[in-house]
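A quick write-up on the structure given underneath.
The values are calculated or read from the model by the stated rules, or taken from the named source; none is laboratory data. All values derive from a computational prediction rather than experimental measurement. Heads up, the Cβs are rebuilt from the backbone with ideal geometry, glycines too, and the neighbour counts pull from every protein chain shown. Heads up: the accessible areas ignore ligands, DNA and RNA and are worked out on the full protein's heavy atoms, side chains in. Shrake-Rupley method; radii C 1.70, N 1.55, O 1.52, S 1.80 Å.
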Amino acid sequence: MPQQTKSQAQLKHIHGNGRLPNVIVTDSSRPWNMNSSSGDDEAPKDPRTGGEDFTQQFTENDFEGHRAHTVYVGVHVPGGRRHSQRRRKHHHSGTGSAGVGAAAAVSSSLAGSTRDSISDKQQEVERPATPPAQRVQFILGEDVDDGSHVSHPLFSEMGMLVKEGDEIEWKETARWIKFEEDVEEGGNRWSKPHVATLSLHSLFELRGLLANGSVMLDMEANNLEVVADLVCDQMVSSGTLPAGVKDKVKDALLRRHRHQHEYAKKTRLPIIRSLADMRNQSSSKKKKSNSKNLRPAQNLPVITEDMVKSPSSQSMARQTSGTELAEQQHKGNTHFMRKIPPGAEASNILVGEVDFLERQLSCFIRLSQAAVMGDLTEVPVPTRFIFILLGPPGSQSNFHEIGRAMATLMSDEIFHEVAYRARKRDHLLAGVDEFLDAVTVLPPGEWDPTIRIEPPAAIPSQEVRKRPPELPKEEIDEEEEEQRLREESGLSRTGRLFGGLINDFKRKIPWYISDYKDALSMQCVASWIFLYFACLSPIITFGGLLSEATGKNMAAMESLVSGFVCGMGYGFFSGQPLTILGSTGPVLVFESIVYEFSMAQGWDYMTFRFWIGMWVAVICVVLVAIDASALVCYITRFTEENFATLIAVIFVYKAIENVVVIGKTFPVNQGIYDCICTPPLQSNASVLEFAKYKWDSCESYNGTLVGHDCGTPPTENVFLMSVVLCTGTFILSTILKEFKNALFFPSIVRQYISDFSVLIAIFAMTFFDYSLGVPTQKLEVPHELKPTLSTRGWLIPPFTEKNPWWSPIIAVFPAMLGTILIFMDQQITAVIVNRKENKLKKGCGYHLDLFVLSGLIAICSMMGLPWFVAATVLSINHVNSLKLESECSAPGEKPQFLGVREQRVTHIMIFLTIGGSVLLTPLLGNIPMPVLFGVFLYMGVASLKGLQFFDRILIMFMPAKYQPDYMFLRQVPIKRVHLFTIIQLACLIILWLIKSFPQTSILFPLMLVVMIGIRKSLDFVFTRRELKILDDIMPEMTKRAAADDLHQLDAENPKLDTTKQLWRGYLTSTETSV
């Protein structure tokens, strides 16, 4: 390190017409260890480990960088004549002018420079100043030589020197992890986490302190006593601290640190005091103190030895009794420690005012190695940074704001890294300047500073501040980019047989073991139970409809067995186990058409269906061999959201329709209920006395029911009860699902309630129904594991006398239609599950899924079971129930969506339990059907959430000022958005009409292919850019980045040339500064 000598401080003001003043402030008490403008990149050394010559030398390089440290504030300064200004005598250590001028620049100057006005001949030719952002990016771009300069998460704590009772101590007043928390003055508690709002003046004051105060980097110290010695010695050697008050400053720094959680405990038990405290206080009164003149401002008394020193100031070599050690033992806030990120270090800000100082003292310290310093920090986290600010009385509020500014800077992601990597004072000042360039100023007349700003739902990335701007892209080949994305997801032709299937195997095999390990979570248990009930009811309902459509050849029992077989096979071997298999409406229509054709021809339905299933399996294997799943890439958001919205609306419609059917079966106004309770024959009671007893309680009083309707219970309340059960299940599930964002209970309790929301709603409403005793419809589950028809077995014969020999050959034609139906249902659902919004990490498996499904269809055909394909709404709810969010470690931090818990166990357990439902009949028979209808309603509504199509439909009914700030509204005119929505809505209505009529419902899969053609025709109506924004499956944040790239592509060449020139200027300035 170069030798340094003290210089004489100078203050020079230069005013010019129409330009902001340039205030050059230096300090005669420049610390020994920091040259603000030297080119030395090494961190300053400790005076105890280095030489004793603390002189300061300046070179020509010292003046070349100081002009870059200029802070511009939008204040108009009137022009005037150029004049000189005498040097002012500052009350503080040269910091008063740092935050007052409209623009300021802090640097060092030559020791022998004159105080007179600067003549034109003496002015140096200024070169262009490097922007602070570029200086910071250069600092962060340097390689870290050792591990000591690697940044860690920071916990910042601010303490103020205050009086508590008869003691003077450091009191914790605020803390930061990501957001600020203040100690409420009268509430004895922490405030809600909020965004820190700082005054611009406090930031300028802090910058002046960093420029003129002491800055000690890489200090070798392991406790606060050593830190206090080094700080005081440095200040004395630099002339900023009189030697006579050195001990008083040190005594003030070593006072006890009291934290908020200790005050809370003290408040709860005010009577309890340890004998050690009482003994120490009585004995300390007899001691003499050399610090009795140390008195903080205003209400703080003289600091004497009756105050116990901080445990952090005690060294291991000091002789201490066992009682004193117990007294000094610091117990950290272990409860709050759970909020601290792993590997975090502490930044301590100590501010206070004392009456023995005539001007303020400040010191920024970075330890070479972080060390736990006793009670200095609320939690047992090693301290790396310490900022000390002491001054004369009358500046308490100002010091508090400066301390908040320092803590907020340390919690800033960019300055926090600069503080770790800084090698000299200039680096810290560059970090402050970059922070000032990035801040947003709120006008005082339009905002209340007392309002606490809530933490945002999503914190924007600060990566742009860390790295220099990228070179503009000359040309982006969108076709190559799309081809690369298709290859990553397995949606590109490989050119060889079963190439896509082989790639799916290679993609999924490395994750197979983790598919089971990742299921070790209570969230998976909640998802399993929720989806079990969600799948069981449709299977049984579908079985009842299938029984009517196929003459009881397949019914509820066959549906349960098919669910077990298909679910287990798909769960173990599929490429995307998040997809839930189920029965669908088009399959039911297909089965009814085949049954009617077989009956008309006098053929055996199950045998003919056997050959159709075999042909479907063979065709699906052929499609896998030729990589036909690559055609899925043509299914865009336009088609998949039409399909998903249609299925979700069907769930909502069917749930309401089923409740309405109950109302028709059990009307509210049924007339007179012909049943009355009469007294026993040998009883003396009158008929009126027994008439008050109801149908279900008459026999308990030995009464006799008389009337034509006594065989069935009264049903006039069944419909109303069904409405209550359905609505209650839906509302309770919706409210409890959002309970994780509520303000009540700890986070783990809220998370469990949210995960088990549907299960809680089912059990609650079932108990409610049981307690009232209304005879609502209950879930009917088969009691025995046997085929519905006694004339058939579990294996279907391939040949019968009823069917001609050529029937297996012509079965290929209905098999083609069935293949289109199954392929479209399966792949569209798979596309929805594999959306980029879900942030899946284990890859897709379109070819593998279709291959496994072909095998399951063959098995179901041989056993005479219904075919199961991917169910859209069930799959969407399965994904939603397994979504992962970040743990809210920092107070005030909102959870961020991380992805989906990708595993196979929930799928396997769902259908394993469905297979065992025959054994659970006594329990399942108590669940009312309206409760399951409420679950259907919840799943349908939950599936609509997050669909851009549904959001655009709602926007059509909103005034412009109330419309949400969606990205597509920023980029596309609202009329074009509405036109796209109307076209998509018209397609949805067409799909609904085709699906509603039995005669046309078989064409539903073909209409999905037509939707792809309609989407292709939109290329002639909308521009490529509009379709890129409105019809894209990228996540919201990714789409914003993509939209920015589109703007760059649409930019003109001159603009690109300007960007290149700016880039070359940045490189030139960086090379010059280096």
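His152 sits with roughly 60 Å² accessible to a 1.4 Å probe, with DNA, RNA and ligands left out of the calculation. What does the charge count around Arg901 come to, taking other residues whose C-beta lies under 9 Å from its C-beta (Lys +1, Arg +1, Asp -1, Glu -1)? Surrounding charge for Arg901 is -1. Rolled with a 1.4 Å probe across the full set of protein chains, the surface gives His149 an accessible area near 20 Å². Using a Förster distance of 51 Å, how high is the FRET efficiency between Ile502 and Ala742, based on the Cβ-Cβ distance and rounded to 0.05? So, using R0 = 51 Å, E works out to roughly 0.55. Most tightly packed first, judged by the mean number of other beta-carbon atoms within 10 Å of their residues, the peptides 399-408, 764-773 read 399-408, 764-773.
When both the range 867-921 and the range 151-179 are represented by their alpha-carbon centers, they are found 44 Å apart. Converting phi to 3J(HN,Hα) with the Karplus coefficients 6.51, -1.76 and 1.60 and the offset θ = phi - 60°, the range 382-388 yields x, 8, 10, 10, 9, 10, 10 Hz in sequence order, with x at every glycine or proline. Computed with a 1.4 Å probe on the full set of protein chains, the accessible area for Glu358 sits at about 150 Å². Residues Glu716, Glu167, sorted by accessible area with the largest first, give Glu716, Glu167 [1.4 Å probe; ligands and nucleic acids excluded]. Of the residues Glu463, Glu157, Glu548, Glu220, ranked by 1.4 Å probe accessible area with the largest first, the sequence reads Glu548, Glu220, Glu463, Glu157. Taking a sphere under 12 Å around the Cβ of Ile513 and counting the other residues whose Cβ falls inside, with K and R at +1 and D and E at -1, yields a net charge of +2. Can you give me the % of accessible surface on the range 710-752 that is carbon or sulfur? Probe 1.4 Å, all protein chains present, nothing else counted. Of all accessible area on the range 710-752, carbon and sulfur atoms account for 74 percent. In terms of the mean number of neighbouring beta-carbon atoms within 10 Å, the peptides 502-511, 831-840 order highest first as 831-840, 502-511. The mean accessible area for residues of the range 833-904, using a 1.4 Å probe and ignoring ligands and nucleic acids, is 29 Å² per residue. The alpha carbon centroids of the range 752-821 and the range 379-423 are separated by 67 Å. The range 343-372 and the range 432-463 have their alpha-carbon centroids 26 Å apart. Backbone geometry of the range 521-528 corresponds, through the Karplus equation with coefficients 6.51, -1.76 and 1.60 at θ = phi - 60°, to 3J(HN,Hα) couplings of 7, 5, 4, 5, 5, 5, 5, 4 Hz, x marking Gly and Pro. Net charge in the neighbourhood of Arg452 (other residues with Cβ under 11 Å of its Cβ; Lys, Arg +1, Asp, Glu -1) is -4. Using 0.36 nm per residue and subtracting the Cα-Cα separation, the extra length available between Val439 and Ile974 on full extension is 189.4 nm.
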